Amino acid sequence: MSRKLIVALGALSTLVAGAALAQDGPPPGPRRMPSPEEFIKQIDKNADGAIDKAEWTGAGRPEERFAGVDADNDGKITADELKAAFEKMRQRRMQQGGGEGPPPGPPPEGAPPQN
């Protein structure tokens, strides 16, 4: 009887683990950053085409970062301001070696391997 129980528990564990791995979600690896327009559509609750501070913090964004993105200090973040902020972020990541393309610095020594 205990052998059947062990086999049944093992099968159940395999099914549960398989179901957990099969869940939908973002693919592993680097996340794709949404376009500024997509980002605004996700957060802009009053559909005015911009993000105000209440919408920003309501979406779980840190309040202290709002002013850094609101370049003209009018209390709203536009697509152009987001584009500029995203570009700054991309540049910073590239400088740190974690962004798109190869990390900055000299190329590796020697010729590339021949296939």
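For the reader, a short list of remarks on this structure follows.
- Computed from backbone phi, the HN-Hα couplings of region 35-42 come to 5, x, 5, 4, 4, 5, 4, 5 Hz, rounded to whole numbers (Karplus: 6.51 cos²θ - 1.76 cosθ + 1.60, θ = phi - 60°; Gly and Pro given as x).
- Taking a straight Cα-Cα cut-off under 29 Å and skipping sequence neighbours fewer than 8 places away in the same chain, the lysines within cross-link reach of K53 are K41, K45, K76, K83, K88.
- Per-residue SASA entry for F39, accessible area with 1.4 Å probe, Å² rounded to 10: 10
- Solvent-accessible surface ranking, highest first, for R65, R32 at 1.4 angstrom: R32, R65
- Heavy atoms of K76 accessible to a 1.4 Å probe, total area in Å² rounded to 10: 80
- Modelled FRET efficiency - R0 41 Å, Q42 with I6, Cβ distances, 0.05 increments: 0.30
The values are calculated or read from the model by the stated rules, or taken from the named source; none is laboratory data. Bear in mind that the values here come from a model prediction, so they are computed numbers and not experimental data. In this analysis, Cβ positions are derived from the backbone assuming ideal geometry, glycine residues included, and neighbour counts consider all displayed protein chains. Just the protein is used for accessible areas: all its heavy atoms, side chains included, with ligands, DNA and RNA removed. Shrake-Rupley method; radii C 1.70, N 1.55, O 1.52, S 1.80 Å.
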